[in-house]
Amino acid sequence: MPRITFIEPDGTVRTVEAAHDESAMQAAKRNGIDGIIGECGGSCICATCHCHVDQAWLTRVGPAGDIEADVLEFEATDVRPESRLACQIPITDALAGLVLHVVGRSR
């Protein structure tokens, strides 16, 4: 199982194991990561799983898709070029070691 490191809003660093058939949001919720709410259950409509992808991982994770970018623009705060919704990051072996900085709450 790939491991993902979440840096919570208070600076707490937590590394969790993620299954290949889940999103980063699902792994975060299953492990009680603070700031990842996932209110919409992964439907890409609420931005309550907003995170910033660590600079070292931007290329591997890739940019937000059009719908995700719209949700970030209209629903999230502190949006940056490295912003992604954790529900839209599928876990693969290529993302083992991924680091996500949790932003959390929507507007």
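Within the shell defined by Cβ-Cβ distances under 11 Å, the residues around C87 carry a net charge of -1, with Lys and Arg each +1 and Asp and Glu each -1.
Within the set of other residues whose C-beta is less than 13 Å from the C-beta of A64, count the net charge using Lys and Arg as +1 and Asp and Glu as -1. Within the 13 Å Cβ shell, the charges total -4.
Among the cysteines of the chain, C44, C49, C51, C87 have no other cysteine beta carbon within less than 4.7 Å of their own. Pairs of Cα atoms nearer than 8 Å and 6+ residues apart set the relative contact order; for the chain it is 40 percent. In this calculation the C-beta distance from N31 to F74 is compared with R0 = 25 Å, giving a FRET efficiency of 0.30. For mean projected area of the Cα convex hull in nm², the value computed from the atomic coordinates appears in the list (i) 5.7; (ii) 6.9; (iii) 6.3 under label (i). Each of T12, P81, I36 was placed along the dipole of the chain (beta-carbon charges, centred on the mean Cα), and the one lying farthest toward the positive end is T12. Against the chain, whose longest principal axis is taken from its Cα atoms, helix 66-75 shows a tilt of about 70°. Going from the residue with the fewest nearby Cβ atoms within 10 Å to the one with the most, M1, M25 rank M1, M25.
The overall shape of the range 1-61 is rounded: from the C-alpha gyration tensor, with semi-axes ordered a ≥ b ≥ c, the ratio a/c is less than 1.5.
This model, with +1 at the C-beta of Lys and Arg and -1 at the C-beta of Asp and Glu, gives the range 3-104 a dipole about its Cα centre of some 300 debye.
Count charges around C51 for me, please; just the other residues with Cβ under 11 Å from its Cβ, Lys/Arg as +1, Asp/Glu as -1. Neighbourhood net charge equals -2. Averaged over residues, the count of other Cβ atoms within 10 Å places the peptides 49-60, 67-78, 5-16 in the sequence 49-60, 67-78, 5-16, highest first.
Here, each number is a calculation from the coordinates, and none is a lab measurement. What you see is a predicted model; the values in this text were computed from it and never measured. Using ideal geometry, Cβ is built from the backbone for each residue, glycine included, and neighbour counts are taken over all protein chains shown.
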